[in-house]
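Before any comments, here is the structure.
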Protein chains: 2
Amino acid sequence: MTPKIAQFLRDAAPATPCLVLDVDRVEENYRRLQAAMPQSRIYYAVKANPAAPILDRLVGLGSSFDAASYEEISACLDAGAAPESISYGNTIKKESAIKAAFDRGIRMFAFDSEGELKKLARSAPGSRVYCRILVGNDGAEWPLSRKFGCEIEMAKALMIQAAELGLDPFGLSFHVGSQQTKTTAYEAAIAKAAMLFTDLQEAGVKVRMVNLGGGYPVRYRAEVPEIDTFGAAIMGAMAQHFGNALPDIVIEPGRFIVGDAGVVSAEVVLVSRKAENDPVRWVYLDIGRFGGLAETEGESIKYDFRTPHDGEDEGPVTIAGPTCDSTDTLYEKSNYRLPLALDAGDRIELLATGAYVTTYASQRFNGFAPLAEHYV
Amino acid sequence: MTPKIAQFLRDAAPATPCLVLDVDRVEENYRRLQAAMPQSRIYYAVKANPAAPILDRLVGLGSSFDAASYEEISACLDAGAAPESISYGNTIKKESAIKAAFDRGIRMFAFDSEGELKKLARSAPGSRVYCRILVGNDGAEWPLSRKFGCEIEMAKALMIQAAELGLDPFGLSFHVGSQQTKTTAYEAAIAKAAMLFTDLQEAGVKVRMVNLGGGYPVRYRAEVPEIDTFGAAIMGAMAQHFGNALPDIVIEPGRFIVGDAGVVSAEVVLVSRKAENDPVRWVYLDIGRFGGLAETEGESIKYDFRTPHDGEDEGPVTIAGPTCDSTDTLYEKSNYRLPLALDAGDRIELLATGAYVTTYASQRFNGFAPLAEHYV
């Protein structure tokens, strides 16, 4: 928790649940990442947190933007981003949204299928397009399955087809999974992309860009490697596989930029046991999986907690949200322990919750309004 | 799909994604359930769908209401429900919310812990309270784990304590899990509740009510038992275990009342393959897990689809939502098949989506607004 967040919580005592996010930390993270990977261009993954104060600050810093929808593109343009700094990075787009983006000057689009390529040729003629390829996600706490990307052979055929359709076959992209804690995942993916890159150049396709995606980890409960380690490993792999002819390098960090800039302040609604002699207490908070903490699904992302009783005796707990839905349980198997003195009415802080919280919040599940947001 | 919904979709061609819900079907379901379980009192589980047209219709029919939050209580009162027809059924409540409900006349509250009981004694003095006990959920497609309820021995102690604290120890409740397809789950739970009921009466506690919860199934892809079968089995078990001295019987249907009254109309955004020879197509819709279809988590609830090409040749598909989140995949392992002719731009209907859709929808994940709602 940054001093500014701590002070805001102390002075304003905002109603819970809420997110308090320190925009200065966003800037620090941006600068830290740019320093770790100086040869890459940062496209902030807007979906991680599209709040205007964040976009404003990043526009000021010269960031580019990775948008998942026309609505996110609009938010970037509203924040003053230049159209040429925005990539429409979702491989699944309605043609009407492609057209709308193109009409507002967007000229860079992701794809991974022939269907999408044809939409782009019709509604974003001449644009730069990049094909997402499937790579391994080992080591990611929030892995990405096969939803996005296509196999190498198909990517090659589609990139050739892109040129034939009058599009600019600009580059290749991949994603090693979010909260990726292993540099080896990047190394393997870069090797794969480099082979296809060479193949395409030999086939006469003027491919010039590699998009490394995001996934850089944030510290939750467990330590993660420093970003400099990632930067060095990634740039080393790029040099190894591309030699002196480095392509344009795009990265799409979201979590890394905003994750540890935010803290969710919540209230303990109830502490109870299921039987007198049950060693495990249930701690119910006023925010849960459907109030924004969606990434606790399967206990994937393990947030760290601060309570007014830290340092006192602790015991094992199951932590759950406030709704009448039993899947609204955050942690049952991850060996969380909280102070025995914790009780209803206590405030509790969830650290590093600046990413992927506000936008996931349900509009009114069980009648609960989405959490408030404070940008300080 | 009811004729009224089909006509609305044909005539209005509403923008997708949207929910279209036939309020007459809500009334039919209410009457059908009341007929199947004439000795029980229906408390509609507002969380299933809190839309005003539904609450209005149910108030007119004389329904009572099971509310999960103060906000849901407010919605019921706004719809004209009498305070005495509303149960505050969440066992996890902020004391401020208990007080607010009590101030508006609510006198019936659920609990399952000493902490909650003390809040109720302080902020809802003299109210009817009922204790939720843990029971098995075998046979439920959306089971409820141990989040709600307590063990029998604790329930007994708490009910005795309720009377000592000046509350009215009104009854017991349980829940066998949502989309419960086995009547045996109710029979086992009723047996368990009846034993405790007798114990409590012998201990001098004036317990008078058994709340059987909800969970009555709706037909999705697979056939489910008729509600009459459930009614007969449940009332048979009540008679067997309580004899002639039947307590007040409360039921809390949500899904059963509104589930098959609604249809989500969506659009196919993309149909693609991951490799040329991949037999499985990916079908991406403009609604997914974070747009309201949260109950597809773990492929629990398997919705049935209607497309413009029904009856033509089909092939295997993976079905996913429109966001850049790979967990936003609906069905990958449930052997869904859709017409080979299905393509981007086609409309597609998801049947029996009137329950637990609109409220789960994220406020703006990936920039997408929640689905529109049309009550016809």
**OP:** Kindly provide the set of residues from the range B:35-53 that are in a helix (DSSP H, G or I), surrounded by 18 or more Cβ atoms within 10 Å (Cβ to Cβ) and more than 14 Å from chain A (Cβ to nearest Cβ), ordered by number.
**Re:** B:A36
Original post:
Can you spot a residue in the range A:173-193 that is open to solvent by 10 Å² or more (accessible area, probe 1.4 Å), closer than 29 Å to A:L117 by Cβ, at pLDDT below 95 and part of a strand (DSSP E or B)?
Top reply: yes
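Take A:Y360 and tell me if it is more than 7 Å from every other protein chain (Cβ to nearest Cβ) and touching a helix residue (DSSP H, G or I) at 6+ places or on another chain (Cβ under 8 Å).
In short, no.
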Original post:
Which residues, taken from the range B:197-209, are of a type in the set (A, V, I, L, M, F, W, C), surrounded by fewer than 21 Cβ atoms within 10 Å (Cβ to Cβ) and part of a loop (DSSP other than H, G, I, E, B)?
Top reply: B:A203, B:V205
Original post:
Checking A:R337 against (1) within 13 Å of chain B (Cβ to nearest Cβ); (2) of a type outside the set (A, V, I, L, M, F, W, C); (3) touching a strand residue (DSSP E or B) at 6+ places or on another chain (Cβ under 9 Å), which single condition isn't satisfied?
Top reply: (1)
**OP:** Hey, can you tell me all the residues within the range B:274-294 that are touching a helix residue (DSSP H, G or I) at 6+ places or on another chain (Cβ under 9 Å) and either more than 7 Å from chain A (Cβ to nearest Cβ) or within 23 Å of A:S69 (Cβ to Cβ) (or both)?
**Re:** B:K274, B:D278, B:L285, B:G288, B:R289, B:F290, B:G291, B:A294
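Could you say which residue among A:R25, A:R32 is away from every other protein chain (no Cβ under 12 Å), closer than 25 Å to A:F174 by Cβ and either more than 14 Å from the chain's Cα centre (by Cα) or part of a loop (DSSP other than H, G, I, E, B) (or both)?
Residue meeting the stated conditions: A:R32.
Taking the range B:363-376 only, how many residues are within 18 Å of A:K94 (Cβ to Cβ) and touching a residue at least 40 places away in the same chain (Cβ under 8 Å)?
Within the range B:363-376, residues that are within 18 Å of A:K94 (Cβ to Cβ) and touching a residue at least 40 places away in the same chain (Cβ under 8 Å) number 6.
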Subject >> Odd one out for B:I190, checked against (1) in contact with a helix residue (DSSP H, G or I) (Cβ under 9 Å, 6 or more places away or on another chain); (2) more than 12 Å from chain A (Cβ to nearest Cβ); (3) closer than 30 Å to B:S96 by Cα >> reply: (3)
Subject >> Condition met for A:D22 (of a type outside the set (A, V, I, L, M, F, W, C), in contact (Cβ under 8 Å) with a residue 60 or more places away in the chain, touching a Gly at 6+ places or on another chain (Cβ under 6 Å) and open to solvent by less than 40 Å² (accessible area, probe 1.4 Å)) >> reply: no
**OP:** Need at least 3 residues that are open to solvent by 20 Å² or more (accessible area, probe 1.4 Å) per element, so show me which strands (runs of 3 or more DSSP E) inside the range B:266-376 make the cut, counting only ones lying wholly within it.
**Re:** B:372-375
Original post:
Within the range A:96-115, how many residues turn out to be surrounded by 19 or more Cβ atoms within 10 Å (Cβ to Cβ) and among the hydroxyl-bearing types (S, T, Y)?
Top reply: 1
Original post:
What residue, among those in the range A:133-151 that are within 20 Å of A:I92 (Cβ to Cβ) and open to solvent by 40 Å² or more (accessible area, probe 1.4 Å), is modelled with the lowest pLDDT?
Top reply: A:P143
Original post:
Given A:L212, A:L158, which one is open to solvent by less than 50 Å² (accessible area, probe 1.4 Å), touching a His at 6+ places or on another chain (Cβ under 9 Å) and more than 19 Å from A:K302 (Cβ to Cβ)?
Top reply: A:L212
**OP:** Would you point out which residue out of B:K118, B:K93 is touching a residue at least 24 places away in the same chain (Cβ under 8 Å), open to solvent by 20 Å² or more (accessible area, probe 1.4 Å) and of a type in the set (D, E, K, R)?
**Re:** B:K118
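The values are calculated or read from the model by the stated rules, or taken from the named source; none is laboratory data. As the structure is a computational prediction, the values presented were derived from the model and not from experiment. Cβ coordinates were reconstructed from backbone atoms using ideal geometry, including for glycine residues, and neighbour counts include every protein chain displayed. Heads up: the accessible areas ignore ligands, DNA and RNA and are worked out on the full protein's heavy atoms, side chains in. Shrake-Rupley method; radii C 1.70, N 1.55, O 1.52, S 1.80 Å.
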